[in-house]
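Attaching a single structure in structure tokens format; questions to follow.
The values are calculated or read from the model by the stated rules, or taken from the named source; none is laboratory data. The structure displayed is predicted, hence computed values, not measured ones. Note that each Cβ is placed from the backbone with ideal geometry, even for glycine, and that neighbours are counted across all protein chains shown. In case anyone asks, the SASA skips ligands and DNA or RNA and just uses the protein heavy atoms, side chains included. Shrake-Rupley method; radii C 1.70, N 1.55, O 1.52, S 1.80 Å.
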Amino acid sequence: MNADTIAKAIWITLFLFAARFAYAQQTLQTKIEELKSDYDVQDSILIKTQDGATLSVMMVRKKGVNQLQPVVLQFTIYVRDTGRDIKSLKESADKGYVGVIAYSRGKRFSTSHIYPYEHEANDAYDVIEWISKQPWCNGNVGMFGGSYNGFSQWAACKKLHPALKTIVPYVANRPGMGLPMENNIFVNPNYEWSFYVGNNRYLDTLVGNDRKRYRQLMFDWWRSGAAYNKMDSLDGRPNKWFQRWISHPNFDSYWQEMAPYKQDFARIEIPILAFDGYYNDSQNSSLYYLKELQQYSPKTPWYLVIGPYGHFGTQIGGERVINGYRVDSVALFDIKQLTYQWLDYVLKSGPKPTMLKDKINYEVMGGNEWRSAPSLAKMNNGFLTFYLTDKKTNGFYSLSPKKPLTTGYLSQQVDFADRQTSNNNYYPYPLARKTIDSSNGFVFVSEPLAQQLLVNGSFLGQLSISINKKDVDLGLTLYELTPTGEYFHLSYYLGRASYAKDMTKRFLLRPGERTTIDFSNTHLVSKQVSKGSRLVLAVNVNKNPFSQLNYGTGKEVSTETILDAKEPLQLKWYNSSYIKVPVWR
């Protein structure tokens, strides 16, 4: 194909795209005009913030309503199809509210610069301030939405406006925790996402749909041995957002200012309903907010609905199949209906949703039932403690309830210069499998369980290790091994040893010196485990193309390269290491 033919093909493609876009815009405008006969539709509002930025806002309310109304606000960075957003606002209006959507700085008609996460706390306040002064607002505002929209609700609580009466976050993100880093390890998905939301005032769907390209980039970086901060150099496209994030490996003031932190939670007294999933990648983000709220403001009325859902599935009330696993029939629910029941309860003095039996409302996988608990801690009524022994039986090491009487350890060597081998296959896909990777790292297996029980909550534990370097990234994955020989993924932990004590400050390990690492920030789950099943724990060093590679030099990890690999990592896993699995008997 010659250059003229290629140019002609590109021109035709662009022409057809422009024609389709123009037709879609014309159709949308027609629908909006039709809607205006019964609704007040304002789709081009611009709000000026206190620091001079602009925010693009849309509002829909029913005509002929004489009394003031409560407002349902969504705050998002996702400028999708305007018709879809108008439809969502119309839904609020049909339920007796004024519907408002505000877009992040730089999105839609805003001319400000786009910096995800950074301004939402202040900007949400300014939007609610504007709403509260409108002639159609009765002074009461509620918010709902998922993912980024969930984060923006918690951000609005950083500087809580008096008119904000409740939030309903689904799988809420917490920047710096869960994404773009988990327990201080930067993970890759947000790399392409930054282009998707940051390249223009709407969404760069060409980037969003080009998953193959970005997956290839991860492997290109992996094979090259380049520093993590050179990812965009390999890509050939500067990524200012990525560079901005990785320059803050500590959970420092940059991240802390984006959403409530420590004492900020003490000022949050409004009722909250949150939704999450056992297999939501950023579950640590969402549950962080609730754990901190429980600690700093124990009297605040908050509720959680959680079940066998992923990040996107949670936002639609669950999917029939997740990661190859067919969920129980009772697990699926109408999340939009429950959301508006809650909003009616808080903003209109309606009845409390019947689904909310207690603070924690969770679906038991395999049990086909919903249960409730007064707190996350009280989801369980005991723990099973297992030690990581150095005794091998039937090809696997023993996960023993008895603490070893003598000190022992297992030795692992990891060559960071070797790119033929990757370690730590922790991702829960598929949820159920016939085999797990035991080619590196270590696998520990318990004796068969004597009775049926529920694994209920987040497992925790303590690792006793020594290394010949100054740092290491570790991964632990917990499975149920059923009597039929199937491994079911329950939960996992991914974390950097040097931040185990304090995610705001790095404490390097001393080479050759034994150290203990306490961990608890694992993914919560509820699963019925049958009699005769075994619990399985896989432990490993995190070394793969899907996150930062920590060579252990003690330098900033994003600057390390394959030249820092040099001597292989020598890691000793001591048999005093243990895990505690929360159960309900």
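Kindly write out, for region 164-177 in residue order, the coupling ³J(HN,Hα) from the Karplus curve 6.51 cos²θ - 1.76 cosθ + 1.60 (θ = phi - 60°), rounded to whole Hz, with x marking Gly and Pro.
Ordered by residue, 3J(HN,Hα) equals 7, 9, 6, 10, 10, x, 9, 5, 5, 6, 10, x, x, 8 Hz.
How much length is gained on full extension from residue 352 to residue 254, taking 0.36 nm per residue of separation minus their Cα-Cα distance?
Working: separation 98, 0.36 × 98 = 35.28 nm, distance 3.80 nm.
That pair, residue 352 and residue 254, stretches by 31.5 nm at full extension.
Let me have the 222 nm mean residue ellipticity of the chain computed from DSSP H runs of 4+ only, each contributing -39500 (n - 2.57), with the sum over all residues rounded to the nearest 500. Write down the numbers at each step before the final one.
Values: 13 runs with 143 residues, N = 585.
So the helix-based figure for the chain works out to -7500 deg cm²/dmol.
Something else about it: Using the Cα atoms of region 168-317, I'd like the radius of gyration and the largest Cα-Cα distance, Dmax, both in angstrom.
Over region 168-317's Cα set, Rg and Dmax evaluate to 17.3, 53 Å.
Enter the Cα centre distance for the pair region 399-420 and region 31-110, rounded to the nearest angstrom.
One Cα centre to the other: 57 Å.
Which value, to two decimals, describes the C-alpha radius of gyration of region 69-139 once divided by 2.2 N^0.38 Å? Working shown, then result.
Numbers: Rg = 12.7 Å, N = 71, 2.2 N^0.38 = 11.1 Å.
In units of the globular-protein estimate, region 69-139 measures up at 1.14.
Using modelled backbone amide H atoms (1.01 Å from N, in-plane), which distant-in-sequence or interchain residues come within less than 5 Å of residue 384's amide H?
So residue 384 has HN proximity to 581, 583.
Lys and Arg at +1, Asp and Glu at -1: add these up for the other residues within a Cβ distance under 13 Å of residue 234 and post the number. Kindly include the intermediate steps, with their values, before the conclusion.
Values: positive: 213, 223, 230, 237; negative: 220, 232, 235.
Neighbourhood net charge equals +1.
Whole-Hz ³J(HN,Hα) for each residue in region 401-408, computed from phi via Karplus 6.51 cos²θ - 1.76 cosθ + 1.60 with θ = phi - 60°, x for glycine and proline: what do you get?
Calculated HN-Hα couplings, in order: x, 9, 6, x, 6, 10, 6, x Hz.
Given axes a ≥ b ≥ c from the Cα gyration tensor, I'd like to know whether region 203-259 is rounded (a/c under 1.5), prolate (a/b larger than b/c) or oblate.
Numbers: a/c = 2.60, a/b = 1.43, b/c = 1.82.
Because a/c hits 1.5 or more and a/b fails to exceed b/c, region 203-259 counts as oblate.
On alpha-carbon atoms, Rg over Rh for region 330-440 using Kirkwood Rh?
Details: Rg = 22.8 Å, Rh = 19.6 Å.
Here the Rg-to-Rh quotient is 1.16.
Over every pair of different alpha-carbon atoms in region 221-296, take the mean of 1/r and invert it; report that Kirkwood radius in Å. Show your work: numbers first, answer last.
Numbers: mean 1/r = 0.0644 Å⁻¹.
Evaluated on region 221-296, it is 15.5 Å.
Another question about this same structure. When the accessible area of region 36-130 is split by element with a 1.4 Å probe, what percent falls to carbon and sulfur?
Details: 1590 of 3680 Å².
About 43 percent, which is the carbon plus sulfur part of the accessible surface.
Using the Kirkwood radius built from alpha carbon pairs, what does the Stokes-Einstein equation give as D for the chain at 25 °C and 0.890 mPa s, in µm² per second? Intermediate values should be presented prior to the final figure.
Working: Rh = 25.7 Å.
D = 96 µm²/s.
Normalized C-alpha radius of gyration of region 518-585, against 2.2 N^0.38 Å?
On the way: Rg = 17.4 Å, N = 68, 2.2 N^0.38 = 10.9 Å.
That works out to 1.59 for region 518-585.
Also, quick follow-up: Hey, how many Å between the Cα centroid of region 126-151 and the Cα centroid of region 325-349?
Here the answer is 21 Å between Cα centres.
Considering the options 438, 488, 408, tell which one lies farthest towards the positive end of the dipole of region 402-532, charges being +1 on Lys and Arg and -1 on Asp and Glu at the Cβ, about the Cα centre.
Toward the positive end, the furthest listed residue is 408.
Express the accessible area of the chain per residue in Å², computed with a 1.4 Å probe while the remaining protein chains stay in the model.
Working: 24790 Å² over 585 residues.
The answer is 42 Å² per residue.
How would 218, 355, 231 rank on accessible area, largest to smallest, probe 1.4 Å?
Numbers: 218 30, 355 50, 231 5 Å².
The most accessible residue leads, giving 355, 218, 231.
Follow-up question, since we're still on this one. From the phi angles alone, apply the Karplus equation (6.51, -1.76, 1.60; θ = phi - 60°) to region 238-248 and give each ³J(HN,Hα) in whole Hz, x where the residue is Gly or Pro.
After applying 6.51 cos²θ - 1.76 cosθ + 1.60, I find x, 10, 5, 6, 4, 5, 5, 5, 6, 7, 10 Hz.
What figure, in Å² to the nearest 10, do you get for the accessible area of residue 262 with a 1.4 Å probe and non-protein molecules left out?
Roll a 1.4 Å probe over it and residue 262 shows about 100 Å².
Can you list the residues, at least 5 places off or on another chain, whose amide H is less than 5 Å from the amide H of residue 185, using H built in the peptide plane?
496
Where Rh denotes the Kirkwood radius from the mean inverse Cα pair distance, what is Rg over Rh for region 433-585?
Values: Rg = 16.7 Å, Rh = 16.7 Å.
Dividing the radius of gyration by the Kirkwood radius yields 1.00.
If you line up the Cα atoms of region 420-514 on their principal axes, what length do they span on each, largest first, in Å?
Projected onto its principal axes, the Cα set of region 420-514 covers 44, 34, 23 Å.
Same structure, new question: Loop only by DSSP, 15 or fewer other Cβ within 10 Å of the Cβ. Give me the chymotrypsin sites (Phe, Trp or Tyr not before Pro) in region 438-514 that pass, ordered by residue number. If you can, show how the numbers build up before the last one.
On the way: sites: 442, 444, 459, 479, 487, 488, 492, 493, 499, 507; in loops: 459, 507.
Sparse-neighbourhood loop chymotrypsin sites (Phe, Trp or Tyr not before Pro): 507.
Can you tell me how region 316-390 classifies by the Cα gyration tensor, rounded, prolate or oblate, using a/c under 1.5 as the rounded cut? If you can, show how the numbers build up before the last one.
Numbers: a/c = 3.19, a/b = 1.59, b/c = 2.01.
Here region 316-390 falls in the oblate category.
Using bins 5 angstrom wide from zero, how does P(r) for region 110-196 break down, in % of all Cα pairs?
Per 5 Å bin, starting at zero, the Cα-Cα P(r) for region 110-196 comes out as 3, 13, 20, 22, 18, 12, 6, 4, 1, 0 percent.
Still on this structure, please answer the following. Step by step: find N for region 375-432, compute 2.2 N^0.38 Å, then divide the Cα radius of gyration by it. What's the final number? Numbers along the way, then the final one.
Values: Rg = 16.9 Å, N = 58, 2.2 N^0.38 = 10.3 Å.
Compared with the compact-globule rule of thumb, region 375-432 sits at 1.64.
Moving on. How much FRET efficiency would the formula 1/(1 + (r/R0)^6) give for residue 45 and residue 447, where r is the Cβ-Cβ distance and R0 is 51 Å, rounded to 0.05? Present the calculation step by step, with values, prior to reporting the outcome.
Details: r = 64 Å, r/R0 = 1.26.
That gives a FRET efficiency of 0.20.
For residue 299, go through the lysines and keep the ones whose alpha-carbon is under 21 Å away, minus same-chain ones fewer than eight residues off.
158, 159, 165, 262, 291, 352, 357, 359, 378
How large is the convex hull of the C-alpha atoms of region 403-454 per residue, in Å³? Write down the numbers at each step before the final one.
Numbers: hull volume 8.1 nm³, N = 52.
Spread over its residues, the Cα hull of region 403-454 gives 156 Å³ apiece.
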